[in-house]
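Worksheet for the structure shown next.
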Amino acid sequence: AYGSGFTEIRVDTSVRYVSKDTQVFSVAVSPDASHVAFAGTDQASAAVAASTQQPILTSIYLVEGTSAREIGKGIRPFFPTDTSIAWLSDEGLMSYSLESGETSMLDKNIRPKFLFGQGVSVSPNGSLIGWSEADGVHIVSVTESGLQPLPLMTIREGVQLILGDDAWYIIGQTGPDATSQVLYRHPLDRDESGTPVTQLPPGQILEFVP
């Protein structure tokens, strides 16, 4: 929940974090719902970034009790496992172990320099991370033993990518004036044009969780 100078993070009906001076940009919950992390910054820095229309590299926070502790700098945190948090930083794809408290580099080539403005998607179970570039959709499987890139999927540039646990989705424009949106589902194991997802409300697809 967000308000003027107010942030509240809930998991189901449980309040996990409340702040009067933190702007939260993305929240992640571990698969067993025991841990919460988020990317955020102070309200003043967020206001400056918004007014200048510049991207902001947020801090990654781990919620502990009723407070939050900074564990790194970056964007889009997610939980590949119950005991690890990953996020994108200027240095690459980082990981923090909840068991050892150590931070490590997962991949130095996955960096947000090409992700700002295009967006990065993480599957609901935290096992996949993906983004779209001019050459196609890049999807990487994140496991305890390391990263495994999936085959490059061809796609037209400029569409929004959404990752599911067993498929990837794009939101495409349709209609004579391209004002309506259609959601297409693509299996992870092959490159194809995609199948439209039916039984969704017409018009703009504001949010979809596979």
Task: Relative contact order for the stretch 1-108, counting Cα pairs under 8 Å that sit 6 or more residues apart, in percent - done: 18
Task: Principal axis dimensions, largest first and in whole angstrom, of the stretch 50-93 by Cα - done: 36, 26, 13
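Coordinate-derived values only; no laboratory data. For clarity, every value in this text was computed on a predicted model and none was experimentally measured.
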